[in-house]
Amino acid sequence: MAEEVLHITGGKPLHGEVTVQGAKNSALPLMAATILCDGVTTLENVPRLTDVCAACRILNRVGCTAKLHEHTVTADGSDVHSAEIPDSDMRKMRSSIMFLGPLLGRMGACTLTMPGGCELGPRPIDLHLDAMRRMGTQISEENGRIVCRASVLSGAHIPLSYPSVGVTENVLMAAVCAKGETILTGAAREPEIVDLAAFLNCCGAKIQGAGESVIRIQGVKTLHGCHYRVMPDRIAAMTWLCAGASAGGTICVHDARPSELEACLAALEMTGCRIGRCSERIFLDAGAVLKPIRYLRTLPYPAFPTDAQAILMAVLCRAKGTSLLEETIFESRYKHVGELLRMGAEIRVSGKTAVIYGGTPLYSSEVEAMDLRGGAALAVAALQSEGTTTIRGLQHLDRGYENFAEAFHSLGADAKRVSFS
């Protein structure tokens, strides 16, 4: 079987423009939510990713006929007839747990196994199951499968001990057709939550407070299909901005929402990059020398996102001086560090903290992406390296970025994806 690798030749500033794809982390829950809709739903601006294809397979398994054409998904939920997600499908995507809420909301049942995806440390689904129990779901384990049944889903007060994006999404999707009102406190506030709520409301749901820590959902009898456009991908936007910062030069990122990226833009400004904000465009001028960041830690939105930590770390390898990052969300978010060390980076990791001794020139090497954002970090680091870096493990990049090499190329980078036996 042929293997594909990404060749990136660094050492030159970037000058170009790139358009941000639709948000993976919004498109996937929106696709799952089409299970709740009686009729046809059309989603535009859907990125062509392996995770999107996996979500289409799951939708078709349960009877929600889904098709992906170009950047549009059409899903017909008129004949949803199954509430079981096979283990083979669960293992292919980390966010497969998001089908729990809509299947319970539509079928009153859901059978699934533990989700797969990037290995970022333990991802217990206890919070998901506890929320469903509060709404009247009986949960048991049978032959390694998690079996969830609810004769009637009822509204409930659901307090979250942690603002989990996935749990917030599952509660929204389970509660929209539940009997009575659900009040979710401690909810995640990410823009993707706002996008999901807006979509569900477009389908006939009654949700108030999305984007705040308290969300109220008044159950309705049924939802109908609608036409909806997926929001732009803020982490992809940050990736292209970090590419410009790493390589130097000036770039423009189109179809980005500066208001949703303030923590990321503030971090780049700390390094000395000049940022211009204009409607749905962001301009970056990296300048000749970057400054280190004394301390930055990942936290739930609106703070600095864990998904951008690895990518920013690659930028900080260029900043002359010592930077300190603290990862508070996932336990295994530093897998990319070993590969950056192969490129000549000076980084020390102790528990949740990474210290980056920047300013040492990186050199080309052969490295491997260990997860989605770690792979992006290696590509960003390659732009500041002399010579050509070869990146393997592109299946991780394909989970979250559409045409990664082409996006780099549009910014003026020397990037090429090649296949060999």
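From the cross-link list Lys24/Lys320; Lys12/Lys320; Lys92/Lys179; Lys12/Lys291; Lys179/Lys206, which pairs have alpha carbons spaced over 23 Å apart? Don't skip to the answer; put the middle values down first.
Details: Lys24/Lys320 34 Å; Lys12/Lys320 18 Å; Lys92/Lys179 33 Å; Lys12/Lys291 19 Å; Lys179/Lys206 12 Å.
Over 23 Å apart, Cα to Cα: Lys24/Lys320; Lys92/Lys179.
Would you mind ranking Cys202, Cys317, Cys278 so that the residue whose beta carbon has the fewest other beta carbons within 10 Å leads the list? If you can, show how the numbers build up before the last one.
Numbers: Cys202 15, Cys317 27, Cys278 9.
By the 10 Å Cβ count, ascending: Cys278, Cys202, Cys317.
Percentage of Cα-Cα pair distances in the chain greater than 30 Å, rounded to whole percent?
Tail of P(r) above 30 Å: 41 percent of Cα pairs.
Are there GluC sites (Glu not before Pro) in the stretch 344-421 that DSSP marks as loop and that have at most 15 other Cβ atoms within 10 Å, and which are they?
Answer by residue number: Glu346.
Give me the net charge of Thr353's neighbourhood, meaning all other residues with Cβ under 14 Å from the Cβ of Thr353; Lys, Arg count +1, Asp, Glu -1.
Values: positive: Arg294, Arg297, Arg333, Arg348, Lys352; negative: Glu326, Glu327, Glu331.
Around Thr353, the surrounding residues sum to +2.
Are there any trypsin sites (Lys or Arg not before Pro) in the stretch 333-421 that are in a DSSP loop and have at most 12 other Cβ atoms within 10 Å? List them by number.
Answer in residue order: no site qualifies.
With n ≥ 4 as the cut-off for DSSP H runs, can you work out [θ] at 222 nm for the chain, using -39500 (n - 2.57) per run divided by the number of residues, rounded to the nearest 500?
Only helices count here, giving -8500 deg cm²/dmol.
Taking the Cα centre of the chain as the origin and placing charges on Cβ (Lys, Arg +1; Asp, Glu -1), which of Ser151, Thr298, Gly22 is farthest toward the positive end of the dipole?
So the residue we want is Thr298.
Could you work out how far the C-alpha centroid of the stretch 244-259 sits from that of the stretch 124-169, in angstrom?
40 Å
What trypsin sites (Lys or Arg not before Pro) does the stretch 173-252 have in DSSP loop regions with at most 10 other beta carbons within 10 Å? The partial results should precede the final answer.
Numbers: sites: Lys179, Arg189, Lys206, Arg216, Lys221, Arg229, Arg234; in loops: Arg189, Lys221.
Here the sparse-neighbourhood loop sites are Lys221.
Using a ≥ b ≥ c from the Cα gyration tensor of the stretch 24-229 (square roots of the eigenvalues), is it rounded, prolate or oblate, where a/c under 1.5 gives rounded and otherwise the larger of a/b and b/c decides, a/b for prolate?
Taking the square roots of the gyration eigenvalues as a ≥ b ≥ c, the stretch 24-229 is rounded.
With 5 Å bins from zero, work out the P(r) of the stretch 269-356 over every alpha carbon pair and list the percent per bin.
Distribution as computed: 3, 13, 23, 23, 19, 12, 5, 1, 0 percent.
Relative to the longest principal axis of the C-alpha atoms of the chain, give the angle of the C-alpha long axis of helix 234-247, reported between 0 and 90° and rounded to the nearest 10°.
Once rounded, the angle reads 10 degrees.
Mind jotting down the distance between the C-alpha centroids of the stretch 15-61 and the stretch 279-312, whole Å?
Each part reduced to its Cα centre gives a spacing of 26 Å.
Taking the Cα atoms only, what angle lies between the long axis of helix 191-202 and the longest principal axis of the chain, rounded to 10 degrees?
30 degrees
Throughout, read-outs are computed from the coordinates displayed, never taken from laboratory work. Since the model is a prediction, treat every value here as computed from it, not as a measurement. Don't worry about glycine lacking a Cβ; one is built from the backbone with ideal geometry, like all the others, and counts go over all protein chains shown.
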